[in-house]
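Asks: I'd like to ask you about the structure that follows.
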Amino acid sequence: MALKIEQLGPYRIGRQLGRGGMGAVFEGVNTVDNSRVAVKVLAPAFSDEAGFRDRFTAEIDMLKHLKHPNIVQLLAWGEQGELLFYAMELVDGTTLEAELQLGRKFEWREVTQFAIKLCKALKHAHDRGIVHRDVKPANLLLTIDSEIKLSDFGIGRLFGGTRITSAGGLIGTAEYMSPEQADGRNVTDHSDLYSLGCVMFALLAGRAPFQSHSLPEMLQMQRFAVPPPLSRFAPDVPEELAQIIHRLLDKDPLKRVPNANVLSRQLAAMEHGLSLYPKDDALPTDVTQVAPSGLVLGSDSKASELNDPNGVTRELGQPTQVPKSSATAMTSALPAARESTSNGQSPNDIVVRDDRFTTLAEEAAQQAKNRQNGESSSALQIVLMVAALAAVVLGGWMAFKPLSAEKLLGKITTAASDERSDRVLDVEDDINAFLLRFPDDPNADKVAEYKKRVDRLRLERRFRRQGAKSLGDRNVSPVQRDYLAAIADSDANPQRAAERLRAVIDLYNDPGKNDDATQEIVDLAAKEIGQLQERIKLFAAAHLKLLDARLKRADELHASDPEKAAAIRRGVLELYSDKPWAADAVNRAKAGLDGKPVAN
């Protein structure tokens, strides 16, 4: 009974890209210029609700003004029959949620770059009075070129600000919901920043800050629980970044970072500072905040003192207090606090310009010393420069001195033994170096096995990103083609994808006779089946609650508003008839349409 859609407006509807409780997404081709788009069709059961179409029109009117490289572009919208739909930019890639479900943990610099770009996207929206309301990995698209794009603007307000129906069914996920949303209060720009903090935590830790087996417990945790230290799950993440993330997760919206622009500056400055100075020159332990320019503030300072509401840096009005015991570390870490001068300025009166750090006091003091000391001062500077150059040369030689076989093996083994399966990718260069430099080493075979693991992970990621686009490639082997065809609809129909992957294993699994490439595909298929089964369980648990609530509502309306009751049941049949785990709900919907509402 699935509705077959062939054309919506100028778009010829093709394969289904995804489906959920709120509707389905299809690939569409514009018959005017043959451009490819993504067409989202909203579920009729929702669009028939009172006021929904007015909200849809209002949201579209706002969203059409969002034009940013890190936001999925809205292209068109319309209404055809009982269907409401809109067309968006079609993004080739995957979602961060899919990457997390594959067990991936992201490297902190990559997460920082993602967050900076998302901050700019959120600022673009917030400046136009638009709050996303549902920032989460499933709404973050990672392109083949590793660009990040934020999708589903407007869905939060369209389907309800808290993402929860009055009947208690979950729409979306509560793992990334701000405390004010969980409490039913008004959402603001700060709500998006909280959700972004949850996303950053999840990408680094491989899990959201809070985990629970029930929705009420999760909402309670979002409102009152203190998130666990990020370092417990991601010890390699710099403390400076962890502090920023935990500040974003503050229950009080006003104690979070002031706005997305300030946050982007803080992250950029932190990354820049950590790239300039080695870990041994870390900041003092009592330093808790990083200002947008990279200036480190003491624990009693606030970023808002450095920034106006638009995040524009300005000259400090009050000196930053640095404990005497920390002065040396502060000076070595940031060349911004030096000696005082005769012009009356404090050594902490610092002018911050973009990503550069300059002190007026340092420049004036150096000129005074040059005048007083004359040639002796210049000579001393030359001596110091020569010594510094010698130190740099020696340090460079030590830094680039090739590691011994023993040290290389230790580094490789440590990474390969990590519980995160993709950790071995971090030492790929070391693996290649070992095999190249020490081919006769007794441990070469062991390292070669690690190399095979790296190759399998690379192959898996390549297949996940290329997906169905590779099916037409003449260089793709039959087993690769069958594997790609199986996973092409894994997002839209994971049950069907798992069945097709099982068929790939049945057809090609022949250990001892397969070549390495074929056996790798078979192994990938087995791994993918396990991941799909977990996804099906999680997906089913959330959606069965929603279906039960909606069908109960249909039973309540069966006598007083039979057309509305029928619309709800048709929506269930349209969206869930092909899902085995929803068989009971589908049967209840069919019975209701036949005039036999079933009590649950």
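Asks: If we only count helices (runs of 4 or more DSSP H) wholly inside region 168-232, which ones have 2 or more residues that are of a type in the set (S, T, N, Q), farther than 21 Å from PHE153 by Cβ and in contact with a Cys (Cβ under 9 Å, 6 or more places away or on another chain)? Can you show your working first?
Replies: Details: elements: 179-182, 189-205, 215-224.
Of the helices (runs of 4 or more DSSP H) lying wholly inside region 168-232, none has at least 2 residues that are of a type in the set (S, T, N, Q), farther than 21 Å from PHE153 by Cβ and in contact with a Cys (Cβ under 9 Å, 6 or more places away or on another chain).
Asks: Every residue in region 434-445 that is out of contact with any Lys or Arg (no Cβ under 9 Å at 6 or more places or on another chain), open to solvent by 30 Å² or more (accessible area, probe 1.4 Å) and part of a helix (DSSP H, G or I), please.
Replies: Listed by number, the residues that qualify are LEU436, ARG437, ASP445.
Asks: GLY160: open to solvent by less than 10 Å² (accessible area, probe 1.4 Å), modelled with pLDDT under 85 and more than 16 Å from the chain's Cα centre (by Cα), yes or no? Write out each step before concluding.
Replies: On the way: open to solvent by less than 10 Å² (accessible area, probe 1.4 Å): no; modelled with pLDDT under 85: yes; more than 16 Å from the chain's Cα centre (by Cα): yes.
Spelling it out, it is not the case that GLY160 is open to solvent by less than 10 Å² (accessible area, probe 1.4 Å), modelled with pLDDT under 85 and more than 16 Å from the chain's Cα centre (by Cα).
Asks: Would you confirm whether any residue within region 181-194 is at pLDDT below 90, open to solvent by less than 10 Å² (accessible area, probe 1.4 Å) and under 30 Å from ARG265 (Cα atoms)?
Replies: Yes: one or more hits.
Asks: Step by step: first the residues of region 226-267, then only those that are aliphatic (A, V, I, L, M) and under 13 Å from SER191 (Cβ atoms), then the one that is most open to solvent (accessible area, probe 1.4 Å). Which residue is that?
Replies: Filtering region 226-267 down to residues aliphatic (A, V, I, L, M) leaves 226, 230, 234, 237, 241-242, 244-245, 248-249, 254, 257, 260, 262-263, 267.
Right, trim to under 13 Å from SER191 (Cβ atoms) and you get 248-249, 254, 257, 260.
On the way: LEU248: 0, LEU249: 7, LEU254: 144, VAL257: 1, ALA260: 4 Å².
The residue in question is LEU254.
Asks: Tally up the residues in region 71-93 that are assigned to a loop (DSSP other than H, G, I, E, B) and either of a type outside the set (Val, Ile, Thr) or free of Cβ contacts under 8 Å to residues at least 60 places away in the same chain (or both), please. Spell out how you get there, then give the answer.
Replies: Residues of region 71-93 assigned to a loop (DSSP other than H, G, I, E, B): 72-73, 81-82, 90-92.
Those still in the list that are either of a type outside the set (Val, Ile, Thr) or free of Cβ contacts under 8 Å to residues at least 60 places away in the same chain (or both) too: 73, 81-82, 90, 92.
The qualifying residues number 5.
Asks: Now, a different point. Out of the residues in region 409-433 that are touching a Lys or Arg at 6+ places or on another chain (Cβ under 7 Å), among the charged types (D, E, K, R) and part of a helix (DSSP H, G or I), state the one that is modelled with the highest pLDDT.
Replies: Once the filter is applied, the top-ranked residue is ASP430.
Asks: Then there is this: Considering each residue of region 184-232, count those that are of a type in the set (Lys, Arg) and in contact with a Pro (Cβ under 7 Å, 6 or more places away or on another chain), and give that number. Even if it seems obvious, please write down each step before you answer.
Replies: First, the residues of region 184-232 that are of a type in the set (Lys, Arg): 185, 207, 223, 232.
If we keep only those that are in contact with a Pro (Cβ under 7 Å, 6 or more places away or on another chain) as well, we get 223.
The total comes to 1.
Quick grid of which residues meet (1) surrounded by fewer than 17 Cβ atoms within 10 Å (Cβ to Cβ); (2) under 12 Å from LEU150 (Cα atoms); (3) modelled with pLDDT under 90; (4) more than 17 Å from the chain's Cα centre (by Cα):
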position: ILE60; (1), (2), (3), (4): no, no, yes, yes
position: LEU66; (1), (2), (3), (4): no, yes, yes, yes
position: PRO69; (1), (2), (3), (4): yes, yes, no, no
position: VAL72; (1), (2), (3), (4): no, yes, no, no
position: VAL91; (1), (2), (3), (4): no, yes, yes, no
position: GLU97; (1), (2), (3), (4): no, no, no, no
position: PHE106; (1), (2), (3), (4): no, no, no, no
position: GLU110; (1), (2), (3), (4): yes, no, no, no
position: LYS117; (1), (2), (3), (4): no, yes, no, no
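Asks: Another question about this same structure. Report, by residue number, each residue of region 35-50 that is among the polar types (S, T, N, Q) and modelled with pLDDT of 85 or more.
Replies: Just the residues of region 35-50 that are among the polar types (S, T, N, Q), to begin with: 35, 47.
Of everything in region 35-50, just one residue is among the polar types (S, T, N, Q) and modelled with pLDDT of 85 or more, namely SER35.
Asks: Would you pick out the residues in region 195-235 that are within 22 Å of LYS545 (Cβ to Cβ) and among the polar types (S, T, N, Q)?
Replies: SER195, GLN211, SER212, SER214, GLN220, GLN222
Asks: Something else about it: Working only within region 556-588, note down all residues that are out of contact with any helix residue (DSSP H, G or I) (no Cβ under 7 Å at 6 or more places or on another chain), in a helix (DSSP H, G or I) and surrounded by fewer than 18 Cβ atoms within 10 Å (Cβ to Cβ).
Replies: Answer for region 556-588, where residues must be out of contact with any helix residue (DSSP H, G or I) (no Cβ under 7 Å at 6 or more places or on another chain), in a helix (DSSP H, G or I) and surrounded by fewer than 18 Cβ atoms within 10 Å (Cβ to Cβ): GLU556, PRO562, GLU563, ALA583, ASP584, ASN587.
The values are calculated or read from the model by the stated rules, or taken from the named source; none is laboratory data. Everything numeric in this text was worked out from a predicted model, so none of it was measured. Glycine also receives a Cβ, built like all others from the backbone with ideal geometry; neighbour counts cover every protein chain displayed. The protein model used for the area step is the full one, side chains on, heavy atoms only, and it has no ligands, DNA or RNA in it. Shrake-Rupley method; radii C 1.70, N 1.55, O 1.52, S 1.80 Å.
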